[in-house]
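Scroll down for the structure; my scribbles are underneath it.
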Amino acid sequence: MADPSSYRPKPGQIPDSPGVYRFRDAHRRVIYVGKAKSLRQRLANYFQDLAGLHPRTRTMVTTAASVEWTVVSTEVEALQLEYSWIKEFDPRFNVKYRDDKSYPYLAVTMDEAFPRVQVMRGAKKKGVRYFGPYAHAWAIRETVDLMLRVFPVRTCSAGVFRNAERTGRPCLLGYIGKCSAPCVGRVGAGEHRELAEEFCDFMAGRTGTYIRRLEKEMTAAAEDMEYERAARLRDDLEALGRAMEKNAVVLADATDADLIAVAEDELEAAVQIFHVRGGRVRGQRGWVTDKVEAVDTAGLVEHALQQLYGEESGDAVPREVLVPALPDDPAAVTQWLGGRRGSAVSLRVPQRGDKKDLMATVGRNAQQALVLHKTRRASDLTTRSRALEEIAEALGLDSAPLRIECFDISHLQGQDVVASMVVFEDGLPRKSEYRRFQIKGRAGDTQLWHGEGQDDARSMHEVISRRFRRYLMEREKTGEWAVPEGGEAGSAGAAGEAPAAPADDGRPRRFAYPPQLVLVDGGQPQVAAARRALDELGIDDVAVAGIAKRMEEVWLPGEDDPVVLPRSSEGLYLIQRVRDTAHDFAIRYQRSKRTKRLRSGPLDSVPGLGAARKQALIKYFGSVRRLRQATVEQICEVPGFGRKTAEAVAAALAQAAPAAPAVNMATGEIIEEDDGAAVTEGNGGTTE
């Protein structure tokens, strides 16, 4: 690991001008390429205190052994040079989008004497018109099959074409009217090229001209009583209609645009692109990338634009590009795109209307692509086996942890403290085993317990104790494991008795299976609390580890230094997935508890008072405020309320302090209570 100060340039050596810089490692390999408006200001950010750097940036600067730069005249030149160097050097710390497949295009070889329509993949060739990309090659073939009725362009290979020329007999498509058969001279080169041009115009979105022309020809043929020709034209119109239906109209103003959306998490990002031409979605593609550098959404968008248009020119770059966030230097990127197209390009974030709605659709596709990528990766048996083996090796376990239980604590400023337990078996989630807990605290704790406090370690101790106390109870009932004398489970009763299960722990059999690894969301304090809970119960064959979110480090009990798994490790990926699942499960439960608490009122504490009777009270008195002012005798006047219930209602309202009046922040008007006490929620965030 290198010390960045050992290769830090002197401040006067770095020019204050636009440029591109490269970090190299000790073997002179380029590991990172970046651009900057001011090289001096940008490079200074890399040589600050290591503790203040993002973990990914810190890893990069400590891996590097030198830095060099190239000065350019404009930000656009810097953007172009950065793209060229990333393609040339493939730096390990730069974001690189990777296709999960090679997307097929519908291509028309206009550079040939007799243009051919075909499916093409890979690098684009000069003189070939491309449409797409499409998700599947069969979708292209279906579209072409429909359109060949109207535009009978050649689709055969060069060998088939030459063989037909030699024999004087066309292929099957020539016989059934789906090819104009230039191979045998039915049409000349000029007429066939005109058909190919019309095919390209139709695919480019200029459909109205051909539809109207065919309709006129069909009408004229019918009037001339050429019914067979009119029927053929009718079938041609239906074929074009079906081809157009495959690309639904999404923008009514015949817009030509590309829409780019990004879905991301801490480790990966998915990008989805919709290609809209003539107001119709003509193609879709997407990538998934590892976030190997510290990059935000704007940076991901800029990388996506470079990937999409770095080798494109002309009409392949649309007039309008819609993105979820503008790059840090939108003017330079817009100028660069305009240079690639040869005319002005609009780069913006849609704010309203159909384009914003379509952008939301693209965003949902990106999110689904990211989930699908993670699911595919997690469901692969070989990958999961390798992940479990890597975890066992990193944590020093005797065997792979086939059952992992992860616990997380969640609360809002110390209120509504809850915990979650998720279970992964063989690397896959077992949702039927998921459990959630309300944290209550214990009077017998060695330290003073504050039920509203933000002590995650003590909450972790409680939930681990409760879970494994139930495990010991189940083992005691089956005779497999007696409860330790004087242990935490001693309150279960004498040996052989069936202990009463706490109501919030679920059915006993669900806690009868011990995990090989207990994973907690947190660092050293949470890990120590979990280990202490197991030790107090006499359980010593269950491993404990914790993962701290900020640095993605794995902590073990009693260790001063964490275990750092490689970022490419499948074991780290599985641990993160388990942790994130527990975190999301806890957050959902905490939010539901908070919502229920905020919506509750003083009448909820009255025994036997259901929703219908509460509604009857509010309807009779008009509001909670007036109900609070009513006497017991007045409450007894409500149908269905006796004196005992009326006294309980009056007592509950008397004990509950009246809430502060709600205020309309726009007008300053005090809002009268009509269905319950006004409740406001604080601005605090959910704490893990």
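Mind checking the per residue accessible area of region 11-89 for me, 1.4 Å probe, whole number of Å²?
Per residue, region 11-89 has an accessible area of 48 Å².
Explain nothing, just the number: relative contact order of region 99-204, from Cα pairs under 8 Å at least 6 residues apart, as a whole percent.
Averaging sequence separation for qualifying contacts and normalising by length gives 27 percent for region 99-204.
At what distance in nm do the modelled label points of V71 and R162 sit from each other, each positioned 7 Å from its Cα along Cα→Cβ?
Between V71 and R162, the label points sit 5.7 nm apart.
Which percent of the accessible area of region 99-204 is formed by carbon and sulfur heavy atoms (probe 1.4 angstrom)?
After summing per-atom areas, the C and S share lands at 52 percent.
In 5 Å bins starting at zero, report the fraction of Cα pairs in region 257-377 per bin as a rounded %.
For region 257-377, the binned pair fractions read 2, 11, 22, 24, 21, 12, 5, 1, 0 percent.
When a/c is below 1.5 the answer is rounded, else prolate if a/b is larger than b/c, else oblate, so apply that to region 602-655 with a ≥ b ≥ c taken from the square roots of the Cα gyration tensor eigenvalues.
rounded
May I ask you to order 585-591, 403-409 by the average number of other C-beta atoms within 10 Å around their residues, highest value first?
For the peptides 585-591, 403-409, the packing ranking is 403-409, 585-591.
Using a ≥ b ≥ c from the Cα gyration tensor of region 11-89 (square roots of the eigenvalues), is it rounded, prolate or oblate, where a/c under 1.5 gives rounded and otherwise the larger of a/b and b/c decides, a/b for prolate?
Oblate, because a/c is 1.5 or more while a/b does not exceed b/c.
Roughly how many Å is it from the Cα centre of region 271-332 to that of region 537-587, as a whole number?
Here the two parts' Cα centres lie 35 Å apart.
Modelled label-to-label distance, A137 and A611, 7 Å Cα→beta-carbon offset: nm?
Roughly 5.7 nm, to one decimal.
Relative contact order of region 602-655: what whole-number percent is it, with Cα pairs under 8 angstrom and at least 6 residues apart?
Relative contact order comes out at 41 percent.
At 0.36 nm per residue, minus the direct Cα-Cα distance, what do Q351 and R232 gain on full extension? Give it in nm, one decimal, please.
Length gained, Q351 through R232: 38.2 nm.
Could you sort M551, M147, M359, M225 by their accessible area in this structure, using a 1.4 Å probe and putting the largest first?
The ranking, largest first, comes out as M225, M551, M359, M147.
Using a Förster distance of 56 angstrom, determine the FRET efficiency expected from the C-beta separation of T631 and Q413, and round it to 0.05.
Efficiency at R0 = 56 Å is approximately 0.90.
FRET efficiency for S432 and S38, Cβ-Cβ distance as r, R0 = 56 Å, nearest 0.05?
Efficiency for this residue pair is about 0.45.
Probe radius 1.4 Å, ligands and nucleic acids ignored: give me the carbon and sulfur share of the accessible area of region 602-655 as a rounded percent.
About 53 percent, which is the carbon plus sulfur part of the accessible surface.
Hey, any idea what % of region 11-89's accessible area is carbon plus sulfur with a 1.4 Å probe?
Whole-percent figure for carbon plus sulfur exposure: 48.
Hey, can you rank 263-274, 385-396 by average C-beta count inside 10 Å, highest first?
The most tightly packed comes first, giving 263-274, 385-396.
For region 257-377, calculate the relative contact order in percent as a whole number, restricting contacts to Cα pairs under 8 Å that are 6 or more residues apart.
Over region 257-377, the number comes to 30 percent.
With a point put 7 Å past each Cα toward its Cβ, work out how far L50 is from Q13 in nm, to one decimal.
Result for the modelled spin labels: 2.0 nm.
How much accessible area per residue does region 257-404 have, counting only protein heavy atoms and a probe of 1.4 Å, in square angstrom?
Accessible area per residue, region 257-404: 41 Å².
Could you please put D111, D329 in sequence from largest to smallest accessible area, using a 1.4 Å probe?
Of D111, D329, the descending order of accessible area is D111, D329.
How many Å² of accessible area per residue for region 99-204, probe 1.4 Å?
So region 99-204 comes to 49 Å² accessible per residue, rounded to a whole number.
The values are calculated or read from the model by the stated rules, or taken from the named source; none is laboratory data. These numbers were taken from a predicted model, which means no experiment stands behind them. Methodologically, a virtual Cβ is constructed for each residue, glycine included, from the backbone with ideal geometry; neighbour enumeration extends over all protein chains shown. The protein model used for the area step is the full one, side chains on, heavy atoms only, and it has no ligands, DNA or RNA in it. Shrake-Rupley method; radii C 1.70, N 1.55, O 1.52, S 1.80 Å.
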